[in-house]
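K.L.:
Dumping the structure here so I can ask a few things about it.
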Amino acid sequence: MPELIDQMYCSQQIVIPPKFPYALKRYCKAAIKTQPYDLLRWSYEYFTALAENRPPPVKLRLEYPIYSTEGGLTRGCLKVLAAQLSPCKSLPLPMVRKAWRGFCLDPLELKRVFCLCEIYLREEFVSFLHFVAVAAGLLTKSLTHTMILLCETLTKEPDGGSAAIPVDDFLMMYKFLANVDASKDIKYLNGYREGAPPKTEPTVEEEMLTSTISETPSVLLSDDYWQDTTDLQELTVINDHLPRTSRLSQRLNMPVLGKIERSPSIEREGQIERENYLRERKGRAVPSEEVEKKLRELSASKMGMEEKKEGMVAGRQMSTTSGEFIVQHIEREIMDYIDEQIAILPDPDLKKKKAKPEEVAMIREILETFLDENMDVIVPEVEEVEEEEQPIPEITVVYAVPGIGPVVPEELTVDFENYILEVSKVQADVVMPRNIRHFMCPPLEKYEEYNYETPKKEEVPMGGVITD
């Protein structure tokens, strides 16, 4: 085995890229400025971004003192995230997660941001301005300071400047945050706010109807068309040849009320089902017509009364247990009816004479045998319907966000919007933080008035001895 010294490389064999010290120096500076929570994870994201020619997750400068938030988000991170995602107005969610993961931020905090944007588990894209607005609300204590932070984050001017942003973007973010209620903790079930019903997606028929209405000329949709007689002219009809315009032809070709096919009533539908069912089971044993008629009337009346009283069918199919109960109930009613009839047997003339126990038992046996053979005709079998197990919803708790707060009243929103639009006319359609801080600026949100309680008088203890 050769010695270790014989395997050593010489200095000429070790090749170091000339730019390696510069890349290592930049990496060290970026790590010091960013102060990542997970240095290994951040290093992977840093060099991956450089290899893909993307802006790396590096803060512009060291933040001191470091802002402590629950998810690790800071103002420096928010500014870099906005710079990385700004080219797109609508952001794919994987792209946002990748940028968020680059700063080693808490993924649960990102989930809460998506919930406040009303897109979690519902849509695959999020608006860039909505995302940045909600994220900025996590770093402030009021909606007014949130809008100032958004101006400082999205501005293209250098630090220390006026931090101006377009007025359209500013108002879009403000209106969105003004309509979000983040004044208290709330649960989101599968992305939907607790207590709010999920929005149903339009069906194919509704979409076709909407598209048809949108394609129809607006003149046809107005009821005042036939009241306006300025365009109407007196025409002479000869040989039934009448020139028609396209609008008039469409009006005349519309179906009248008498030509519309109507669906059968509920009673008729039930009768059709029973007829089809009896037609399918025609091969089974059929009792005599009189007995069948009597049993059908009795079963129908009793079933209707019991359904109303007991509520056996409550908007869903009948289970096997309820079917058996109805069968037993009908059988008991029939037996009671038969008992009343055979109570005067065997001699009809001797009404006071009761039937013998042997005769009653014989008739009971005949009747039970008949019911067992024909019960499927009296009460059709109902297949057992297994209730589908509802999946456990994904619960996301979104804590109160003071930077967004409760819903802003509409009158405050309108006053502030009018003020900003008036001010932006003389500022090249931009908004600056100084416009918000101006003494003439209307309030952006509703402030709670502090209730100054009268100080309580000192109470002198009644028990014991008062000493100096």
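K.L.:
Expressed in nm to one decimal, what extension gain is obtained for the pair LEU24 and ARG97 from 0.36 nm per residue of sequence separation less their Cα-Cα distance?
P.N.:
Result: 23.6 nm gained on full extension.
K.L.:
To the nearest 0.05, what FRET efficiency results for ARG437 and ASN53 with a Förster distance of 51 Å applied to their C-beta separation?
P.N.:
In this case the efficiency is close to 0.80.
K.L.:
Exceeding 19 Å between C-alpha atoms, which entries from my cross-link table qualify? They are LYS89/LYS141; LYS59/LYS175; LYS29/LYS98; LYS98/LYS175; LYS79/LYS156.
P.N.:
Table pairs above 19 Å Cα-Cα are LYS89/LYS141; LYS59/LYS175; LYS29/LYS98; LYS98/LYS175.
K.L.:
Which whole-Hz ³J(HN,Hα) couplings does the stretch 184-196 yield from phi under the Karplus relation 6.51 cos²θ - 1.76 cosθ + 1.60, θ = phi - 60°, glycine and proline marked x?
P.N.:
Each residue of the stretch 184-196 in turn: 8, 5, 9, 9, 10, 9, 6, x, 10, 4, 5, x, 9 Hz.
K.L.:
For ILE165, what charge total do you get from the other residues with a beta carbon under 12 Å from its beta carbon, if Lys and Arg give +1 and Asp and Glu give -1?
P.N.:
Its environment carries a net charge of -4.
K.L.:
Taking the Cα-to-Cβ direction at VAL407 and at THR69 and moving 7 Å from each Cα, how far apart do the two end points lie in nm?
P.N.:
2.6 nm
K.L.:
Using the Karplus curve 6.51 cos²θ - 1.76 cosθ + 1.60 with θ = phi - 60°, work out ³J(HN,Hα) for each residue of the stretch 174-180 in order, rounded to whole Hz, and write x for Gly and Pro.
P.N.:
5, 5, 5, 5, 5, 9, 9
K.L.:
Okay, next question. Return one whole number: the accessible area per residue of the stretch 393-439 in Å², for a 1.4 Å probe.
P.N.:
Per residue, the stretch 393-439 has an accessible area of 57 Å².
K.L.:
Right, another one. Suppose each label sits 7 Å from its Cα in the direction of the beta carbon; what would the ARG122-GLU109 distance come out to in nanometres?
P.N.:
2.4 nm
K.L.:
Moving on. For the stretch 1-146, which whole-number percentage of the solvent-accessible area (1.4 Å probe, protein heavy atoms only) is attributable to carbon and sulfur atoms?
P.N.:
The nonpolar share, carbon plus sulfur, comes to 62 percent.
K.L.:
Got a sec? Which residues in the stretch 108-144 would a label at VAL397 touch, if it sits 7 Å along Cα→Cβ and we count backbone N under 17 Å?
P.N.:
108-113, 115-116
K.L.:
Something else now. Rounded to the nearest 0.05, what FRET efficiency is calculated for ARG61 and ASP38 with R0 set to 25 Å and r the Cβ-Cβ distance?
P.N.:
Plugging the Cβ-Cβ distance into 1/(1 + (r/R0)^6) gives 0.75.
The values are calculated or read from the model by the stated rules, or taken from the named source; none is laboratory data. Note that the structure is a prediction, hence the values are computed from the model and not measured. Note that we place each Cβ from the backbone using ideal geometry, even for glycine, and neighbour counts take in every protein chain shown. When the accessible area is computed, the model is the full protein with side chains, heavy atoms only, and any ligands, DNA or RNA have been set aside. Shrake-Rupley method; radii C 1.70, N 1.55, O 1.52, S 1.80 Å.
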